[in-house]
Amino acid sequence: MEDEEAFNAGYGSVLNLDGEVEMDASIMLGSNLNAGAVTVVKDIAHPISLARLVMEKTPHVLLAGAGANRFAKAQGIPEVPPGSLVTKYAQMALEEFKKRGGDDRTEIGHKNHSEVDTVGAVALDSKGNLAAATSTGGINGKMVGRSSDTCMIGSGTYADDNFGAVSTTGHGETIAKYCLAHAIIKEVERGKGVQNATKDTLEKMTQKLRNTAGAITISKEGEVGIFFTSKRMAWAYQRENELHYGIEHNQDIVEKFE
Ligand SMILES: NC(=O)C[C@H](N)C(=O)O
């Protein structure tokens with residue numbers, strides 16, 4: 001998904017005020033709560049793979065900026081040429097953002113053409129291990145050096161084999177203040193099913209902070225929770241020979257395959 005221009009991650013990321021791509025990503029394992037993250041990394045095609053290396057090869061959880069890029073080099077991850085993750089669409093979106101005077105970073109009350117989605121994944125394997133991962137270019141027209149919720153364990157990403165795994169998208173400052181991913185997990189811990197936990201937590205967050213977000217959650221039993229207070233959120237999941245997907249509210253398109 002980081003290679004796909006339609007998504008706001010890797011190639012196709014939105015731009016900061018200087019017209020550059022600065023990316024964030026995080027990953028977490030539910031079995032031991034191991035986690036890794038990077039923030040404000042430049043010229044790396046797959047920030048999520050770098051976040052995984054932070055988890056697997058360092059004693060740290062989060063590496064930032066030049067230090068994260070230096071670590072990538074040491075791990076043999078090549079940098080892509082400067083500017084090669086920038087797309088025409090992202091440049092147009094930044095121009096539009098600047099023309100508008102640059103203050104409509106949330107969906108409430110605005111029709112915002114420049115937002116494309118962060119990518120995230122949650123998974124359960126046959127042994128009962130849960131994992132979550134999230135990757136983003138952040139928010140169009142962000143300040144240089146701004147870190148998002150996506151690199152923050154507990155906000156953008158969380159996984160605990162006892163309860164579930166969550167990945168979130170939406171207005172980063174709001175998600176970070178609410179510790180959204182962890183807040184959803186806490187509701188599961190209190191006994192709610194993952195769909196209700198996801199929905200109720202997002203609704204409470206939006207009511208309190210007047211900004212929108214969405215999340216995908218999976219339980220240790222393999223149930224999925226999908227909800228968004230934003231206008232749209234593209235999602236999909238596969239269980240056995242059924243593929244489910246949607247983007248609008250109350251949409252669940254099913255395709256069966258052999
Ligand atoms: N579309 C997104 O999910 C953006 C991301 N949460 C951020 O604030 O950077």
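Read the figures in this text as sums done on the coordinates, not as results from a lab. From a predicted model like this one, the values you see are computed outputs, not experimental measurements. Cβ coordinates were reconstructed from backbone atoms using ideal geometry, including for glycine residues, and neighbour counts include every protein chain displayed.
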* Asked: So how strong a dipole does the chain carry about its Cα centre when Lys and Arg Cβ are +1 and Asp and Glu Cβ are -1, to the nearest 20 debye?
  -> 760 debye
* Structure fact -> With bins of 5 Å, the percent of all Cα-Cα pairs of the stretch 1-64 per bin from 0 is 4, 20, 26, 21, 15, 10, 4, 1, 0
* To do: Name the shape class, rounded, prolate or oblate, that the alpha-carbon gyration tensor gives for the chain, where a ≥ b ≥ c are the square roots of its eigenvalues, rounded holds for a/c under 1.5, and otherwise prolate holds if a/b is larger than b/c and oblate otherwise.
  => oblate
* To do: Quick one: P(r) of the stretch 43-189 from all Cα-Cα pairs, 5 Å bins, percents rounded to integers, in order of increasing distance.
  => 2, 9, 15, 19, 19, 16, 11, 6, 2, 0, 0
* Asked: Taking only DSSP H segments of four or more residues, each worth -39500 (n - 2.57), what value at 222 nm results for the chain once the sum is divided by all its residues, to the nearest 500 deg cm²/dmol?
  -> -7500 deg cm²/dmol
* To do: Distance check, please: which entries in Lys57/Lys127; Lys127/Lys231; Lys57/Lys142; Lys57/Lys186; Lys142/Lys192 exceed 26 angstrom between their Cα atoms?
  => Lys127/Lys231; Lys57/Lys142; Lys57/Lys186; Lys142/Lys192
* Structure fact -> With +1 on the Cβ of every Lys and Arg and -1 on the Cβ of every Asp and Glu, the dipole magnitude of the stretch 41-101 about its Cα centre, in debye rounded to the nearest 20, is 120 debye
* Asked: Regarding the stretch 165-258, what whole-number volume in Å³ per residue does the convex hull of its Cα atoms give?
  -> 85 Å³
